[in-house]
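For reference, the structure discussed in these notes is given below.
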Protein chains: 2
Amino acid sequence: MNNLFTGIPENLPQELFQCLMEGEGVRIERIVSRGHVTAPNEWYDQKRSEWVLVLRGRALITFAEKASVTLEEGDYVNIAAHERHRVEWTSPDEDTIWLAVHY
Amino acid sequence: MNNLFTGIPENLPQELFQCLMEGEGVRIERIVSRGHVTAPNEWYDQKRSEWVLVLRGRALITFAEKASVTLEEGDYVNIAAHERHRVEWTSPDEDTIWLAVHY
């Protein structure tokens, strides 16, 4: 057993990605952002779909081909495979804790 | 887009199960308990594995063949397929909000 809100390093020069569970066809990951964003002009273009939930903090995801979404605590969104997206902004004043389910 | 912490009915005679996302080999579900527990002498015995996270409230899961676990906010546990378990207790004073990933 483990906790999603603990074990966050004091220094976070880069976004933190941690696998919490890897199973048949699914991977659950915790992501911690501290103002981090996707590099300029880069897009995520993923083979698998990703369901993502913000549990602390706040973030803005932009999509290449649809409207952007602001995610606050408890907000979730499904990102289909190959749906190009980027993290445009995360709260600079607090940690943004994400739960991502890749499937 | 949607929120995990909203849309909870005022009256909750039974535990609330809601599918948030159904994909290839994976189902993500929100469960809301308000003091609800598994019926006496019943066990969950599931074909698929289940990764479960408590986001609000508190719960106690007991297992037929291993030590029980208390889950508080942010705690998660993986329940393997056919690992018999029951929800022995959930906080009577508040809603317990779970996120379950069946895979």
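Some values worked out for this structure:
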{"item": "Net dipole in debye of chain B [+1 Lys, Arg Cβ; -1 Asp, Glu Cβ; about Cα centre; nearest 20]", "result": "180"}
{"item": "Within chain A, longest stretch clear of exposed trypsin sites (Lys or Arg not before Pro) (DSSP loop, no more than 11 other Cβ within 10 Å)", "result": "A:1-46"}
{"item": "Chain pair B, A: total accessible area buried, heavy atoms, 1.4 Å probe, Å²", "result": "2200"}
{"item": "Under the Karplus curve 6.51 cos²θ - 1.76 cosθ + 1.60, θ = phi - 60°, whole-Hz ³J(HN,Hα) for region A:67-81, x wherever Gly or Pro sits", "result": "5, 6, 10, 9, 10, 10, 3, x, 6, 9, 8, 9, 10, 5, 3"}
{"item": "Contact order normalised by residue count of chain B, Cα under 8 Å, 6+ apart, percent", "result": "35"}
{"item": "Label point 7 Å beyond Cα along the C-beta direction, distances from residue B:47 to other copies (nm, shortest first)", "result": "2.7"}
{"item": "Amide H contacts under 5 Å for residue B:2, placed H, 5+ residues apart", "result": "A:76"}
{"item": "Region B:13-54 - Rg and Dmax from Cα coordinates, angstrom", "result": "12.0, 34"}
{"item": "Interface residues, region A:1-44 - accessible area loss of 30 Å² or more versus chain alone, probe 1.4 Å", "result": "A:1, A:2, A:3, A:4, A:5, A:20, A:21, A:26, A:28"}
{"item": "Square roots of 5 times each gyration tensor eigenvalue, C-alpha, region B:19-102, largest first, Å", "result": "19, 17, 11"}
{"item": "Stretchable slack from residue A:24 to residue A:81, in nm (0.36 nm times residue separation minus alpha-carbon distance)", "result": "18.8 nm"}
{"item": "Inverse of mean 1/r across different Cα pairs in the protein assembly as shown, Kirkwood, Å", "result": "17.9"}
{"item": "Gain upon complete extension [residue A:14, residue A:39; 0.36 nm per residue less C-alpha separation]", "result": "7.9 nm"}
{"item": "DSSP-assigned coil residues among GluC sites (Glu not before Pro) in region B:1-55, each with at most 13 further Cβ atoms within 10 Å", "result": "B:10, B:24, B:42"}
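The values are calculated or read from the model by the stated rules, or taken from the named source; none is laboratory data. Since the model is a prediction, treat every value here as computed from it, not as a measurement. In this analysis, Cβ positions are derived from the backbone assuming ideal geometry, glycine residues included, and neighbour counts consider all displayed protein chains. For the accessible areas, the whole protein counts, side chains as well, though only heavy atoms, and no ligand, DNA or RNA atoms are used. Shrake-Rupley method; radii C 1.70, N 1.55, O 1.52, S 1.80 Å.
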